[in-house]
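Right, one structure below, let's go through it.
The values are calculated or read from the model by the stated rules, or taken from the named source; none is laboratory data. Since the model is a prediction, treat every value here as computed from it, not as a measurement. Positions of Cβ are backbone-derived with ideal geometry, glycine not excepted, and every protein chain shown enters the neighbour counts. Side chains included, ligands, DNA and RNA excluded: accessible areas come from the protein's heavy atoms. Shrake-Rupley method; radii C 1.70, N 1.55, O 1.52, S 1.80 Å.
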Amino acid sequence: MAKANGGSAPILVSGGGIGGLAAAYALARAGFAVRLFEQSSEFREVGAGIQLGPNIFRVLEKIGLKDAVLADAHRPPGMEMRDALSGKLVTRIPLGPEFFERFGQPYAVTHRADIHATFLKACQGSNLITLETSRRVDGFEDRGEAVTVTLENGERVEGRALIGCDGMWSTIRERIVGDGKPRVSGHIAYRAVLKRDDVPADLWRPDVVLWAGPRTHFVHYPLRRGELYNLVAVFHSDRYEEGWNAEGSTELLWQHFKGQRPEVLRMLERIETWRMWVLCDREPVKDWSKGRVTLLGDAAHPMLQYLAQGACMATEDAVVLAEKASATPNDLPAAFKAYQQERYLRTGRVQIMARVYGDFYHARGVTAELRDIALSGRTPQQSYDGVAWLYGGP
Ligand SMILES: Cc1cc2nc3c(=O)[nH]c(=O)nc-3n(C[C@H](O)[C@H](O)[C@H](O)COP(=O)(O)OP(=O)(O)OC[C@H]3O[C@@H](n4cnc5c(N)ncnc54)[C@H](O)[C@@H]3O)c2cc1C
C-alpha cells in the first residue's frame, strides 16, 4: 500500500470533473491521501468533444496518462479556418510531424467522456483516493491546522486542505474570491455528436475545421479514433438566461447561420437535437487561495472556449499543484500560494486571449477581410510562433 505523504488526513477535493479527477490523481501519485466529493449521482461528462493541445500532453506524460488519453483520441492532420460565406480556405495549420517537431507533443481531439473515464479509472486504481458521489459540498471552515467541509446532508468532514474543483459556478470560489456570478459573454454554443456513418461522406474530414462567419462560427472534427464526429456551432445572442447543457432551439440556430455555405448548412441539418451552453467567463484574478483552501480549473479561471484550453488548463493546474504540494507537504498553505503564483499569469492570458480569438472568429466586413489577409500569408512556422506561448508551456 502506498504511504500517505505528510500524514494520514486526506486532502479534500470538491468536484469530480476533469479538473477534480486530475487533481486527485496527481496528488495521489505524489503520495497524498485524497477524498473527492462529486454532487452528481455518478461520475460522468457531457457528450461532446474537446481539443487537446500539446501542452496537456506534456503534463499528462508527467503523471503517466498520456498514452491512455491518446488511445481513445483522434489525431487530426491539420487545423483549417474557412470563410463561412465564400468557402475560401483562410489558413491551414499542419498538426503532423512538423508540429510534433516544434512542440515535442501531439495535437489531438477526444470525447470528453473518454478523457474523463481515463482519469476516473486512474483514480479508482489508487488506494490513496476515495471517490464519493451524491455528495455536494455546501461550505467549509478553515480552522488553521485543518479544514472542515460541510456536505449537503449536514455531515462534516475534516481534511488537511480543500481544493475547489467545482466548476464555473463554484461554491468555494464565493468564499475565496467573492466576485459574484460569472460574466455572460452573449455567445451561445450548440453541441452535438454524430456517428461517422451519419456524416455525409463528402463532408467528412479528418481535420479540425472552423468555419468563420459574421458573429458565428462552426467547428467540426472526428472523435474516438474516428468513430464519431463532433459539431459545435456558436453564435451571438442577446438571450441572457443561463443555460448549461440544455436543449437548444433549432430555429434560433437557423436564424444565425442562414446564407452560409452549403457545407455548413448540410452538416447542421444532420442534427435533430442540440445541447446548448450560454458561454460565460470571468475576469482573471491573481489570488485564488486562502490558507488551506485553493481553487483549480474553471473554479479558478473560467474561460471562453475559443482557444480550446479549459480542460487543458485544469489538467496543467492539477500537475503543478501536486508538484508544489510535494515540495512542501507539511506546509500546504505555502504550496497553494506557490501554485497560484506559477499559474495565474498563464491562465489569465488564456482567459483574455480566448475573448480576442472569439472576436477574431466572428469578425464581419472589413475586419473579417483584414483577418483573412493577415492569416492567409502565414507559413506553418509563423502559425506555430503565434501559439508558442500556449503550446510551449506550462
Ligand atoms: C462549448 C465548449 C467547448 C469546450 N472545448 C474545449 C476544448 O476544446 N478544450 C479544452 O481543453 N476545454 C474545452 N472546454 C472547457 C472545458 O470543458 C472546461 O474548462 C473543463 O471541463 C473544466 O473542468 P473542471 O473540472 O474545472 O469543471 P467542470 O467540468 O465544470 O466540473 C465541475 C464538477 O464539480 C461538480 N460540482 C459542482 N459543484 C459542486 C459541489 N458544490 N459539490 C460537489 N461537486 C460539485 C460538478 O457536478 C462537476 O462534476 C470547452 C467548454 C465549452 C463550454
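Worth a mention:
- Each residue in the stretch 291-319 was checked for being open to solvent by less than 10 Å² (accessible area, probe 1.4 Å) and at positive phi, and 1 pass.
- Residues of the stretch 355-383 satisfying the condition of being assigned to a helix (DSSP H, G or I) and in contact with a Pro (Cβ under 9 Å, 6 or more places away or on another chain): Gly365, Ala368, Pro380, Ser383
- Residue match in the stretch 7-23 (condition: within 20 Å of Tyr221 (Cβ to Cβ), in a helix (DSSP H, G or I), within 14 Å of the ligand (Cβ to nearest atom) and in contact (Cβ under 8 Å) with a residue 40 or more places away in the chain): yes
- Of everything in the stretch 35-74 that is within 15 Å of the ligand (Cβ to nearest atom) and surrounded by fewer than 17 Cβ atoms within 10 Å (Cβ to Cβ), the residue that is nearest to the chain's Cα centre (by Cα) is Val46.
- Take the conditions (1) more than 14 Å from the ligand (Cβ to nearest atom); (2) touching a His at 6+ places or on another chain (Cβ under 8 Å); (3) assigned to a helix (DSSP H, G or I); Pro284 misses just one of them, which is (3).
- For Arg275, the conditions (1) of a type outside the set (A, V, I, L, M); (2) in contact (Cβ under 8 Å) with a residue 12 or more places away in the chain; (3) outside any strand (DSSP E or B) are fulfilled apart from (3).
- Qualifying residue in the stretch 15-34 (condition: among the charged types (D, E, K, R) and at pLDDT 95 or above): yes
- For the stretch 195-210, residues that are within 21 Å of the chain's Cα centre (by Cα) and assigned to a strand (DSSP E or B) total 3.
- Residue within the stretch 349-359 that is crowded, with 24+ Cβ neighbours inside 10 Å, touching a residue at least 12 places away in the same chain (Cβ under 8 Å) and charged (D, E, K, R) present: no
- Residue within the stretch 326-346 that is among the charged types (D, E, K, R) and closer than 18 Å to Gly53 by Cα present: yes
- Scanning the stretch 297-329 for residues that are in contact with a Pro (Cβ under 7 Å, 6 or more places away or on another chain) and in a helix (DSSP H, G or I) yields Glu316, Val320.
- Applying the criterion of at least 3 residues that are open to solvent by less than 20 Å² (accessible area, probe 1.4 Å) and within 14 Å of the ligand (Cβ to nearest atom) to the strands (runs of 3 or more DSSP E) found wholly in the stretch 89-192 leaves 108-111, 161-164.
- Members of the stretch 259-277 that are closer than 14 Å to Asp83 by Cα and not small (Gly, Ala, Ser): Gln260, Arg261, Pro262, Glu263, Val264, Leu265
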